[in-house]
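All remarks here apply to the structure that follows.
Readers should treat all values here as calculations from the given coordinates under stated rules, not as data from a laboratory. Keep in mind the model is a prediction, meaning the values are calculated, not measured. All Cβ positions, glycine included, derive from the backbone under ideal geometry; neighbour counts span all protein chains shown.
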Amino acid sequence: MTLVIGTKENEHFAQKAFSLIEIVLVLALIALATSAVILNFDSFIGKETRLSTRESLSQAIRYARIEAAKQQTLTELYFNQEQGALVVALSTKTLKTFPLSDPNFQSTGNGAITFFLIPPAEGLKPFPSIRNADFELERIQFNSDRSSTPFIVNIDDGINPEETIVFDPFSHFPRQIDE
């Protein structure tokens, strides 16, 4: 089939086609949308990956439990103020260090993370108030079955009010204080 310029058949195709201006506008809109997506993605990637002290603590506990199970031995978790970090160790060997992003926990700051043993209950009596926990632990030990003694963590950054978190023996998730 041959089209002849100026015939009715050619006019029919001209009405269904896009003009050059329409094509350029669509390409410009696509370019604008693409640049917006790229800029947003770039800002998302560029965000700082600083963790809060509580998140670092949760990661350190999870790691200590997993390593205790993998190594089939006791692992320990403690706060090292000189490094400004939570440290997971196997005997005297450091397995991993979890640096705290808050400068108050560095050696020059006055922040501290303190571990306490949850006071035991007698018989079927309820547990004593955890606010009265006075048995401080230097290190929390995690067994090869991924358990530990129930413990309390006191986070004091030296600026905000102290935060008390209760951890049960089998979870890295904090337990609510029932008071």
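State whether the range 53-174 is rounded, prolate or oblate according to the following rule on the C-alpha gyration tensor (a ≥ b ≥ c being the square roots of its eigenvalues): a/c under 1.5 gives rounded; otherwise a/b larger than b/c gives prolate, and the remaining case gives oblate. Verdict is oblate for the range 53-174.
The 3J(HN,Hα) values that the Karplus relation (6.51, -1.76, 1.60; θ = phi - 60°) gives for the range 18-34 are, in residue order, 8, 7, 4, 5, 5, 5, 5, 4, 5, 5, 5, 5, 5, 5, 5, 5, 5 Hz. Gly and Pro appear as x.
Sequentially through the range 148-154, phi angles give Karplus couplings (6.51, -1.76, 1.60; θ = phi - 60°) of 8, 6, x, 9, 10, 10, 10 Hz, Gly and Pro residues having no value and appearing as x.
Look at the dipole of the range 53-174 built from charges on Cβ: of 158, 69, 91, the Cα furthest out on the positive end belongs to 69.
Once backbone amide H atoms are built at 1.01 Å from N, residue 137 has 115, 116, 117 as its partners under 5 Å, excluding neighbours fewer than 5 places away on the same chain. In a fully extended conformation the segment linking residue 112 and residue 16 would gain 27.2 nm over its present Cα-Cα distance, using 0.36 nm per residue.
Across the range 95-100, rounded Karplus estimates of 3J(HN,Hα) from the backbone phi angles (6.51 cos²θ - 1.76 cosθ + 1.60, θ = phi - 60°) give 8, 7, 10, 10, x, 9 Hz, Gly and Pro being marked x. Ranking of 108, 97 by neighbouring Cβ atoms within 10 Å, starting from the fewest: 108, 97. The stretch between residue 38 and residue 83, if pulled fully straight at 0.36 nm per residue, gains 12.4 nm over its current Cα-Cα span. Spin-label model, residue 30 to residue 62: label points 7 Å out along the Cα-to-beta-carbon direction sit 4.1 nm apart.
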